[in-house]
Amino acid sequence: FHCSEKSCICACILKNLHTCLVSSVIINLNVSFRRTQSLHGPSPVTTFGPKACMLQNPHAVMHIQDPASQRLTWNKPPKSVLVIKKIRDATLLQPFKELCIFLTEVKNMIVYVEKKVLEDPAISGDENFGAITKKFCTFREDLDDISNRVDFIICLGGDGTLLYASSLFQESVPPVMAFHLGSLGFLTPFKFDTYQSQVTQIIEGNAAIVLRSRLKVRVLKENWEKKARVDEKGIILTNGDIENSRKVVQYQVLNEVVVDRGPSSYLSNVDLFLDGHLITTVQGDGVIVSTPTGSTAYAVAAGASMIHPNVPAIMITPICPHSLSFRPIVVPAGVELKIMLSRDARNTAWVSFDGRKRQEICHGDSITITTSCFPVPSICFRDPVNDWFESLAQCLHWNVRKKQNYLSSEDEEF
């Protein structure tokens, strides 16, 4: 992922390339982490019969990291860390204070904390902790740019803290270490009991990472406004010419983009385009466009399959479609999706991004979605595969059922 020249570190995969037909797999040089077999399939043969072959297209090459060999390393020792804590959660006060004291006093790190976190009376009123907070660097969301100041991130809370960390960085994201101190914890593999040794291990650069792809979303809104006309006496006339102005906003989304019918009682009616071609019209409560990471969130509740975060894909899941045959689909990560209100839609639609920035979509507006080139490097407790299946078992109780009894030879006679 992207490395800024102004940043003192670049968390990256060790740079030994293994070239395949449609992928370049980045492999770690450390023998102790080397796998004898890649988790990706073998390179297919590109000749078909005696005379046919595949046309070589350099624009079709996709860079995919092998999950078995993704390791974190530092170009320079990390000096700054962003600590994200769930706001006004009393259960997180003690872990937050312990971690900040450890980072500042023991590890001599520069700690960044959001300003509204320190405005919590339980923190601002603690005189003993006051000497530590004076050493913090503070920032405000949407006002201060910390993208080139933070070397890595530590999240204290649930999955929402990781989503929030993603929203703070619209381009390159520092490595994220997430502690499970919330309710679900599907994306937070670390336990806080042994935080000192675990944080030390990360600072030393000894950890596996999983690159969680994000969606690059572009919302274009057609703002139709009436130009008020003023007469000679200065009286504003209500009728006037209609002026069109466009507003474009971009977002980086880790889980999903949700388009729904909002407060209306009518079905949502939106057109779905793929690379400029109309593929279907969604008639129902809405549609979810999710990353593989988001496939285990809202999408799975709507009947979608669960996709490992290393699979390069985008999932499209309808929400309560008024059709018996509209099933969730998975499309390649490189496609461009576009969502617009249908001409005959009876009402507007509403869109949200990772559950935030909710806004109304009217006729003429469009939502363009594709895979971002700025993933979230999430630090693993063990490795990308084991962590994912552990989360499926512990958080979602995947395939949990009472086991069938053993059938003895005497029972077989009956």
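When L103, L118 are checked against the criterion of being touching a strand residue (DSSP E or B) at 6+ places or on another chain (Cβ under 7 Å), of a type outside the set (K, R) and modelled with pLDDT of 95 or more, a single residue qualifies: L103. On inspection, V385 fails the criterion of being of a type in the set (A, V, I, L, M, F, W, C) and either free of Cβ contacts under 8 Å to residues at least 60 places away in the same chain or within 21 Å of G303 (Cα to Cα) (or both).
Quick grid of which residues meet (1) of a type outside the set (G, A, S); (2) more than 19 Å from the chain's Cα centre (by Cα):
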site: R71; (1), (2): yes, yes
site: T91; (1), (2): yes, yes
site: K134; (1), (2): yes, yes
site: R140; (1), (2): yes, yes
site: G160; (1), (2): no, no
site: S166; (1), (2): no, no
site: F169; (1), (2): yes, no
site: P174; (1), (2): yes, no
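Filtering the stretch 138-152 for residues that are in contact (Cβ under 8 Å) with a residue 60 or more places away in the chain and farther than 20 Å from I203 by Cβ leaves a non-empty set. Scoring F102 on the criteria (1) more than 27 Å from the chain's Cα centre (by Cα); (2) touching a residue at least 60 places away in the same chain (Cβ under 8 Å); (3) open to solvent by 60 Å² or more (accessible area, probe 1.4 Å) leaves a single failure, condition (3). Scanning the stretch 105-162 for residues that are open to solvent by less than 40 Å² (accessible area, probe 1.4 Å) and in contact with a Cys (Cβ under 7 Å, 6 or more places away or on another chain) gives V111, Y112, I132, D151, T161, L162.
Results for (1) of a type in the set (S, T, Y); (2) out of contact with any helix residue (DSSP H, G or I) (no Cβ under 7 Å at 6 or more places or on another chain); (3) surrounded by fewer than 18 Cβ atoms within 10 Å (Cβ to Cβ); (4) in the same structural domain as L163 (by the TED database), shown as yes or no for each residue.
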position	(1), (2), (3), (4)
T296	yes, yes, no, no
G303	no, yes, yes, no
V311	no, yes, yes, no
T317	yes, no, no, no
R327	no, yes, yes, no
V335	no, yes, yes, no
S342	yes, yes, yes, no
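Flag: E390 does not match the condition of being of a type in the set (D, E), assigned to a strand (DSSP E or B) and touching a residue at least 40 places away in the same chain (Cβ under 8 Å).
Return the residue satisfying two criteria in turn: it lies in the stretch 393-414 and is in a helix (DSSP H, G or I) and of a type outside the set (D, E), and of such residues it is most open to solvent (accessible area, probe 1.4 Å). Among those residues, the one meeting the criterion is Q394.
Kindly indicate the residue of the stretch 249-293 that is small (G, A, S) and more than 18 Å from the chain's Cα centre (by Cα) and also surrounded by the most Cβ atoms within 10 Å (Cβ to Cβ) among those meeting that condition. Residue satisfying both the conditions and the ranking: S268.
For A313, are the conditions met, namely being in contact (Cβ under 8 Å) with a residue 24 or more places away in the chain and in contact with a strand residue (DSSP E or B) (Cβ under 7 Å, 6 or more places away or on another chain)? Spelling it out, it is not the case that A313 is in contact (Cβ under 8 Å) with a residue 24 or more places away in the chain and in contact with a strand residue (DSSP E or B) (Cβ under 7 Å, 6 or more places away or on another chain). Of the residues making up the stretch 344-358, just one is surrounded by fewer than 16 Cβ atoms within 10 Å (Cβ to Cβ), on the phi > 0 side of the Ramachandran plot and part of a loop (DSSP other than H, G, I, E, B), namely G355. Whether any residue in the stretch 252-270 is in contact with a helix residue (DSSP H, G or I) (Cβ under 8 Å, 6 or more places away or on another chain) and either of a type in the set (F, W, Y) or closer than 21 Å to E390 by Cβ (or both) is what I want to check. Scanning the stretch 252-270 turns up at least one residue that is in contact with a helix residue (DSSP H, G or I) (Cβ under 8 Å, 6 or more places away or on another chain) and either of a type in the set (F, W, Y) or closer than 21 Å to E390 by Cβ (or both).
The values are calculated or read from the model by the stated rules, or taken from the named source; none is laboratory data. This is a predicted model, so every value here is computed, not measured. Reconstructed Cβ throughout: ideal geometry from the backbone, glycine too, with neighbour counts over all protein chains shown. Just the protein is used for accessible areas: all its heavy atoms, side chains included, with ligands, DNA and RNA removed. Shrake-Rupley method; radii C 1.70, N 1.55, O 1.52, S 1.80 Å.
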